[in-house]
1. Just to be sure I understand: of the beta bridges DSSP finds with both ends in the range 2-179, what percent are antiparallel, rounded to 5?
2. Could you provide, to the nearest whole Å², the per residue accessible area of the chain with probe 1.4 Å?
3. Under a point-charge model restricted to the Cβ atoms of Lys and Arg (+1) and Asp and Glu (-1), what is the dipole moment magnitude of the chain relative to its Cα centre, in debye to the nearest 20?
4. What is the range 403-492's relative contact order, in percent, from Cα pairs under 8 angstrom and six or more apart in sequence?
5. Please report, as a whole percent, how much of the solvent-accessible surface of the range 407-540 comes from carbon and sulfur atoms (probe radius 1.4 Å).
6. Hey, any idea what Rg/Rh is for the range 161-257, computing Rh the Kirkwood way over Cα pairs?
7. Taking +1 at the Cβ of each Lys and Arg and -1 at the Cβ of each Asp and Glu, which of T535, F270, N194 sits farthest along the dipole of the chain towards its positive end, judged by Cα position relative to the Cα centre?
8. Sort the range 2-179 into rounded, prolate or oblate with this rule: let a ≥ b ≥ c be the square roots of the eigenvalues of the Cα gyration tensor; rounded if a/c is under 1.5, and if a/c is not under 1.5, prolate when a/b is larger than b/c, oblate otherwise.
Amino acid sequence: MTQITTAPIDGQKPGTSGLRKKTPVFMGPHYLENFVQAIFDAIGGAAGKTFVLGGDGRYFNDRAAQVILRMAAANGAARMIVGQGALLSTPAASHMIRLRRTDGGIILSASHNPGGPDADFGVKFNMPNGGPAPEAVTGAIFARTAEIREYRIAESQDLDLSRPGETRLGGMVVEVVDPVSAYADLMESLFDFNAIRGLLQAGFRLRMDSMNAVTGPYAVEILERRLGAAPGTVVHAVPLPDFGGMHPDPNPTWAHELMAEMMSGDGPDFGAASDGDGDRNMILGRGIYVAPSDSLAVLAANAHLAPGYAGGLKGVARSMPTSSAVDLVAKARGIECFETPTGWKFFGNLMDAGRVSLCGEESFGTGSDHVREKDGLWAILMWLNILAVRRESVAEVMQDHWRTYGRNYYSRHDYEGLPSDSADAMMAALRDRLTALPGQVIEGMAIAAADEFAYTDPVDGSVSAGQGLRVVFEGGSRLVLRLSGTGTSGATLRLYLERYEPAGGDLGLDPQQALAPLIRAAEELAGIAAASGKTAPDVIT
Ligand code: G16
């Protein structure tokens, strides 16, 4: 064991989901090591503990895993459970942490951000409940990075992680496990695989785009091997260190190959994509894109059709910027609905307390209390289970949903790579105006309320302030503005737009047209064009 003298490195503050930086930054002297030692220190040391380790296979995943193993051994960990090839999707890691009753896990991923020597890398710590560390813990990790003076690392050659089995590193057991099978078993326990198999045998056509990222092996095992989808159903199925140049973010912009196939007229019945680490999903039907907020609402309304949820849902939760489509379902079902800040970590307490079983976010994340992360393949299987029981197309399910609950027209506009100073100044200027806004009329719409969202956790009472600026109009339409907490360069402004159209109203509009007055109002209120120097968003979802 070697004690290495180090010094604090600026900026190791975890964001919305762990620490994400440019890969060369993570590969810099002591950068990864300082952060990992800070994790161990912040959780009361690693001695005698068992952790899960794995990542999405992006560039530097393999070498970072070897460093973390050597550090865990030097810090006295008893056992490390590592995905074969140092691979684990984020939901599979969450499941493994829970299944093996471990002390937590370290996940190597920058999620939907591109990978490669000049792209992005990330590290996050998940708690023994399988969920991302809450703010109190990430705050303690950050505080530790600011005072660190040394880290511990064992002298050793690289371990062979290519085959399942056990080896030792000093006094620590290194257990290499198949990353897929336990997760696939969990999915089989939740969903009616026979019904889905029957749907596929009846000629239902499926396309899954794994975007050269971690879900490839999971999707091939579950969709093709266990459910019998045609070989080749899963495309871009091999995880590559640079995702083959793809930007593994499952949205209409970045999953454009899948979008083109699904919108081509004679595309498959169902299309889906997942992201770098497998926790996000995009759902498409032939000729129809399902907005993530709508997907959450449809899953809430139909979850009882899947065996794992046949008893009904305890409650539901969504992040504040996510549309309130799911609230309408919760109201109709008489179950609780919670509004949390952006970030899956805020759902953990609600799930642990048995208050909610289904959660979702506008950022292509949906999941349930089967793990403590959002789960891309879970959402895809839930959709397939629902379609197998209802024997309707995606478009029919959506139209039926809107006719029942009304439609929450929704869109998010992203402005990327803004200078941080001008983004901060724009937000500050709008923040200053908030109290004066109620009563004003913009684009013919009267402002009913305006505030900055703060959240008090109903389980532990912790308060998270500064979670997005909201402007709500008479009738419930609203704008939300916040800066992303997952980017690695400059600032990304997210503008979230929502307008409710009751059942019986005009349910078939193009969302951008339906939201046009709100888009203009946002420009008037915030001056986005001047602050960003852009006349249009970089990404629209
Ligand atoms: C992460 C978080 C999500 C969040 C998303 C967007 O997703 O886990 O909870 O909604 O980022 O966050 P932001 O708007 O701050 O960029 P992922 O898939 O990147 O882990």
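The values are calculated or read from the model by the stated rules, or taken from the named source; none is laboratory data. This is a predicted model, so every value here is computed, not measured. Note that we place each Cβ from the backbone using ideal geometry, even for glycine, and neighbour counts take in every protein chain shown. All accessible areas refer to the heavy atoms of the entire protein, side chains included, with ligands and DNA or RNA removed. Shrake-Rupley method; radii C 1.70, N 1.55, O 1.52, S 1.80 Å.
1. 60
2. 35
3. Approximately 800 debye in magnitude.
4. Working: 110 pairs, mean separation 25.0, N = 90.
It rounds to 28 percent for the range 403-492.
5. Answer for the range 407-540: carbon and sulfur cover 51 percent of the accessible area.
6. On the way: Rg = 16.5 Å, Rh = 15.4 Å.
Value, to two decimals: 1.07.
7. The residue sitting farthest along the positive end of the dipole is N194.
8. On the way: a/c = 1.26, a/b = 1.15, b/c = 1.10.
Rounded.
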